[in-house]
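The values are calculated or read from the model by the stated rules, or taken from the named source; none is laboratory data. In this text, all values refer to a predicted model and were calculated from it rather than measured experimentally. Cβ atoms come from the backbone with ideal geometry, glycine included; neighbour counts cover every protein chain shown. Protein only, heavy atoms only, side chains kept; ligands, DNA and RNA dropped before computing areas. Shrake-Rupley method; radii C 1.70, N 1.55, O 1.52, S 1.80 Å.
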Amino acid sequence: MGLKGFVEGGIASIIAGASTHPLDLIKVRMQLQGESNPALVQAYRPTVAALNTPNGCISLHIAPPPRVGLISIGTQIVKSEGATALFSGVSATILRQTLYSTTRMGLYEILKQKWSDHSDSDTAKLPIMKKIIAGLIAGSVGAAVGNPADVAMVRMQADGRLPIEQRRNYKSVVDAISQMSKQEGIASLWRGSALTVNRAMIVTASQLATYDQVKEMILEKGVMSDGIGTHVTASFAAGFVASVASNPIDVIKTRVMNMKLEAGGVAPYSGALDCAMKTVRTEGVMALYKGFIPTISRQGPFTVVLFVTLEQVRKLFKDL
């Protein structure tokens, strides 16, 4: 089961990731909408203190850009950057799925096998808590392995929204990782890794455990047989739960990974907590659910493609 589980999960993940990449790109652009410039506020602080206002500070009422939806952003990207821009960073997505998803999918299956009596029929009937724990462990390991590709993917997807003179213009995921290493140090490849790990734990636990649990319930109650209908239904349920659970962390992760550090300048965010607090303070609590529509629009198809492909690949590899 060991190696085969990694191969099966890897193939399904790469196909799912590449096919839903445009929705992921739109999600990233939406999550960066309305992002404030903390460095600008910092620059005004000495003046503010001199003004001796009652609370020691003033508010800078800078009108945020208008927020638009999934279709509007997609159309805008195509008009301003061309249709191929919807696949900006797809090489990073493929590498990320190869590293992150292959690891988490394979490890999850191994843990399920270890915690059962190793018979296929009993593996799916593990208690829900054991499935969740297996997902948490598998997700954390996969995220640690895949973080460099994740950072590269976020930056490549977000690049088109910047003014031309500020763009990074990475040619590929290899070029992105190489430039980050040279210009910002090796440690930059693991920027936001704590967030990546936390998000991956939540996504993997909610997605894989929900899929297994819903599939098991459908089969036990005889609602449907073990076929495409069952796989699609369980996949949609898994995608919805994973989206709701992970979106806030995903927003913060995107912003931390995308922040640009100027030489001698002040970092926009000192860390994940600082980013979360500034985001909520300036944009409200619901800002943590920015990009939720494309997130669910992507997670739904991604999860369906992932598990339907996985089930078919398992059938092909069954006798190997």
### Query
Can you tell me which residues in segment 184-198 are surrounded by fewer than 24 Cβ atoms within 10 Å (Cβ to Cβ) and part of a helix (DSSP H, G or I)?
184, 186, 187, 188, 189, 190, 193, 194, 197, 198
#### Entry: Matching residues in segment 249-288 - criterion: being open to solvent by 30 Å² or more (accessible area, probe 1.4 Å) and under 13 Å from the mean Cα position of the chain (by Cα)
249
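Does residue 180 qualify as being open to solvent by less than 30 Å² (accessible area, probe 1.4 Å), hydrophobic (A, V, I, L, M, F, W, C) and under 29 Å from residue 288 (Cα atoms)? First the steps, then the outcome.
Working: open to solvent by less than 30 Å² (accessible area, probe 1.4 Å): yes; hydrophobic (A, V, I, L, M, F, W, C): yes; under 29 Å from residue 288 (Cα atoms): yes.
For residue 180, the condition - open to solvent by less than 30 Å² (accessible area, probe 1.4 Å), hydrophobic (A, V, I, L, M, F, W, C) and under 29 Å from residue 288 (Cα atoms) - is met.
Identify, from the list 226, 212, the residue that is modelled with pLDDT of 90 or more, acidic (Asp, Glu), touching a helix residue (DSSP H, G or I) at 6+ places or on another chain (Cβ under 9 Å) and not in a helix (DSSP H, G or I).
Numbers: 212 fails: not in a helix (DSSP H, G or I).
Every option except 226 fails the conditions.
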### Query
Do the conditions hold for residue 256, that is, is it assigned to a loop (DSSP other than H, G, I, E, B) and closer than 27 Å to residue 167 by Cβ?
no
### Task
Check segment 239-246 and report whether any residue there is more than 13 Å from the chain's Cα centre (by Cα) and at pLDDT 90 or above.
yes
### Unmet criterion (only one of (1) closer than 16 Å to residue 308 by Cα; (2) small (Gly, Ala, Ser); (3) buried (at least 22 other Cβ atoms within 10 Å of the Cβ)) for residue 229
(3)
### Task
Only helices (runs of 4 or more DSSP H) wholly contained in segment 18-90 count here; list those with 3 or more residues that are at pLDDT 85 or above, open to solvent by less than 80 Å² (accessible area, probe 1.4 Å) and among the charged types (D, E, K, R).
21-31
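Out of all the residues in segment 133-147, is one or more over 30 Å from residue 81 (Cα atoms), in a loop (DSSP other than H, G, I, E, B) and either modelled with pLDDT under 90 or open to solvent by 10 Å² or more (accessible area, probe 1.4 Å) (or both)? Break it down stepwise before answering.
At the first step, the residues of segment 133-147 found to be over 30 Å from residue 81 (Cα atoms) are 133-145.
The next check asks that each one be in a loop (DSSP other than H, G, I, E, B); those that pass are none.
Scanning segment 133-147 turns up no residue that is over 30 Å from residue 81 (Cα atoms), in a loop (DSSP other than H, G, I, E, B) and either modelled with pLDDT under 90 or open to solvent by 10 Å² or more (accessible area, probe 1.4 Å) (or both).
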### Task
Could you give me the residue pairs with C-beta distances under 7 Å whose first residue belongs to segment 233-249 and is farther than 17 Å from residue 24 by Cα, whose second residue is of a type in the set (Lys, Arg) and open to solvent by 10 Å² or more (accessible area, probe 1.4 Å) wherever it lies, and which are 6+ apart or on separate chains?
234/215
